[in-house]
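What follows is calculated from the coordinates using simple rules that are stated; it is not laboratory data. Bear in mind that the values here come from a model prediction, so they are computed numbers and not experimental data. Note that we place each Cβ from the backbone using ideal geometry, even for glycine, and neighbour counts take in every protein chain shown.
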There are 2 protein chains.
Amino acid sequence: MDIAAVNALPYEDFVDILGNVVEKCPIITAAVWSGRPFLSLAALEAAISEFIDALPESGKEGILRCHPDLAGRDLQSGSLTRESHEEQAGSGMGALNSGEASLMARLNQEYKERFGFPFVICARMHDKENILRQLFARCQNERAVERARGIEEVKKICHLRLQSLVLTDNRL
Amino acid sequence: MDIAAVNALPYEDFVDILGNVVEKCPIITAAVWSGRPFLSLAALEAAISEFIDALPESGKEGILRCHPDLAGRDLQSGSLTRESHEEQAGSGMGALNSGEASLMARLNQEYKERFGFPFVICARMHDKENILRQLFARCQNERAVERARGIEEVKKICHLRLQSLVLTDNRL
């Protein structure tokens, strides 16, 4: 669909289709609908990014806390969102050997205890070795650095989800 | 559970239990977790309210757009959240006669076309006749008045959901 088709969507369809471009935060998609018409997909993405940037720091942490752990309980129980499932499966999170799985679980726990939000990374841009390496390294950062870094990753995930939904969606 | 038990929850449990006190907006619950410890349930409710009030107007509209229509497609398809289902059923939304159902559908549509967000009312505080009367009356308001009015109703819904979850939840 092109941006004109996106701009023509009633809010219910807009949120149905694009409501999970930021994981479990349909409020963000629903909010930027107020800013139609968008000149381009990049303009829609920029509106989402600006909305996120204008949130208080607690709101940014709130976004991070809506994200599942990588290779965590939601992957194991089959309760990931469709988008997260595809991303985690694509980066090998569903096929860790037992050593990798226990290392990932330990580091995820350490990260959450240290920062109060989960490790977020754009899984589609990394393989499992790289994700483990980054998780290990990022556990050493300061909290404010990690909050900002997590939000950068949220925006990368959002970019790829938007591209995927708008450029390939055939519901319109 | 008492407020000490609420304050002791890791963010994942906090969001699992309280994430839908504002309909489909777990980011809000997840954000206020940063403000623990809360002195009382009222203090937690106040933190949620302050977070909402600090959002830009588009964000408030975003919250409203995450709400289902009363007696709308999500009720009919069985895809309401548990909380919404209980509230709509309790106020008789699942038992409208055909005249009431078509009036409700027509007024909901008129409201959405006029304002760009759905009619939100704390259903637990009203019966179906009262809801229809208020929907009819509120269709006549100005957009800014309705946005503020809808957010007031969101806060009433949140108050009752919090009371229900914290005072009766036995997962702790």
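Side notes on the structure shown:
- The mean number of partner chain beta-carbon atoms within 10 angstrom of a residue's beta-carbon across peptide B:17-26 is 3.
- Phi-based couplings in Hz for region B:146-159 (Karplus 6.51, -1.76, 1.60; Gly and Pro marked x): 5, 4, 5, 5, x, 5, 4, 5, 4, 5, 5, 4, 4, 4
- Nearest beta-carbon to the B/A symmetry axis - residue in chain B, distance in Å: B:Ile27, 3
- J(HN,Hα) series, region B:132-140, from Karplus relation 6.51 cos²θ - 1.76 cosθ + 1.60, nearest Hz, glycine and proline x: 4, 4, 5, 4, 4, 5, 6, 4, 8
- Built from the Cα atoms of chain A, the convex hull projects on average onto 9.7 nm², one quarter of its surface area.
- What the phi angles of region B:93-106 give under the Karplus curve with 6.51, -1.76 and 1.60, with θ = phi - 60°, is a coupling list of 5, x, 10, 7, 6, 5, x, 5, 5, 6, 5, 4, 4, 5 Hz, glycine and proline written as x.
- Label geometry 7 Å along the beta-carbon vector: A:Arg106 inter-copy distances in nm: 6.8
- Pairs beyond 32 Å (Cα-Cα), from A:Lys155/B:Lys128; A:Lys112/B:Lys155; A:Lys128/B:Lys155; B:Lys112/B:Lys156; A:Lys24/A:Lys128: A:Lys155/B:Lys128; A:Lys128/B:Lys155
- The P(r) of region B:105-172 has a tail past 17 Å containing 48 percent of all C-alpha pairs.
- Sorted shortest first, the separations between the B:Glu129 label point and its copies elsewhere in the assembly read 7.4 nm; each point sits 7 Å from Cα along the Cα-to-Cβ line.
- Each copy carries a label point for B:Ser40 at 7 Å from Cα toward Cβ; from one copy, the others' points are 5.4 nm away, ordered from shortest.
- Spherically averaged projected area of the protein assembly as shown from its Cα convex hull (nm²): 17.5 nm²
- Part-to-part distance (alpha-carbon centres) for region A:44-58 and region A:108-145, which is given in Å: 22 Å
- Every helix of 4 or more DSSP H residues in the protein assembly as shown counts as -39500 (n - 2.57), and over all residues that averages to -19500 deg cm²/dmol at 222 nm.
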